[in-house]
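Below: one structure, written as structure tokens.
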Amino acid sequence: MMTSRAAIITVFHRFGNAPLIISRLLESSLLNAVIIANHNPRAIIPQDPIFEHPIVKIVSSEKPVRASARWKLAEKLQFDNFIVIDDDTSISGAQADYLFRALDSTPDAPCGVIGSRFKLGRYYDYQSKKVLNTYHLEETGEVDVLHQVYAVTKSHVDRFLYFEKHLQSFSFSDPNVVGEDIVISHCGNKKPMIYNLGAIQQDLPGAWDPAIAVHCEQDFDVKRARILSEFDKLNLYPIRCNDET
């Protein structure tokens, strides 16, 4: 049986970035569908013929929702593997194909192109108000948390929904929930991987606009540190990547 594959592009305020993201993904030789997860039902959809492409579909939520809702959408979609991408980031079709093939080779490990590494139990310095991570791009290796681009299996998605029901620090019911990248990064039987696929297009328009960027919100990093600490208690990974350095 052939593996079915879909890309999910999450949009809220930055619908204007979607045509570029879609057009580059459509260069893929492996994609069966490109789903636009529109989390803002009031969004004005740009007039662009790219949205009429036969494998492109827009799925709009009934009310404004956070990025984490995309994983509930993924559960409902009938595909085996997914690339889930933020609306401030773009990868080429060839880069998407590489990630899909990496997932075929190592389905136990979610993968992407950008990630963070930590030391066990040291995630946030409350005095300096700084995240205690190292940020990695354009290299290949294990990370603790993927960012912005996520290649995952349906099994990873199912495990995400299991964690959401059992974690105290992460819940769909929280209107200000953050940290879904942390949760999906813990949904494999192996640590997530990033691959050096060359340059990607990061920081598309609006990426650092404090009025709309979730990562600019107050207590964003504090909330994320709580999720990481809760995962430590589950002992899924007895060490973090930077414990080895």
Entries of 119/165; 130/233; 72/190; 72/191; 63/119 with Cα pairs more than 31 Å apart: 63/119
Relative frequency of Cα-Cα separations exceeding 24 Å in the chain, percent: 43 percent
Helix-only [θ]222 nm of the chain, DSSP H runs n ≥ 4, -39500 (n - 2.57) each, per residue, nearest 500: -7500 deg cm²/dmol
Here the gain from full extension of residue 140 to residue 60, 0.36 nm per residue of separation minus their alpha-carbon distance, amounts to 25.3 nm
Over all distinct Cα pairs, what is the inverse of the mean 1/r for the stretch 1-99, reported as the Kirkwood hydrodynamic radius in Å? 13.5 Å
Hydrodynamic radius of the stretch 131-230 per Kirkwood, over alpha carbon pairs, in Å: 14.9 Å
For residue 140, other-chain or 5+-apart residues with amide H closer than 5 Å (H placed, Pro excluded) are 196
Place +1 on the Cβ of every Lys and Arg and -1 on the Cβ of every Asp and Glu in the chain, take the dipole about the Cα centre, and give the residue among 99, 227, 81 whose Cα lies farthest towards its positive end. 227
Three-way shape call for the stretch 65-185 based on the alpha-carbon gyration tensor, with the a/c threshold at 1.5: oblate
The longest stretch of the chain containing none of the GluC sites (Glu not before Pro) that sit in a DSSP loop with at most 16 other Cβ atoms within 10 Å is 140-216
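Computed from the coordinates by the stated procedures, all read-outs in this text should not be read as laboratory data. Only a predicted model underlies this, so the values are computations on that prediction, with no experimental measurement involved. Neighbour counts run over all protein chains shown; Cβ positions are idealised from the backbone, glycine included.
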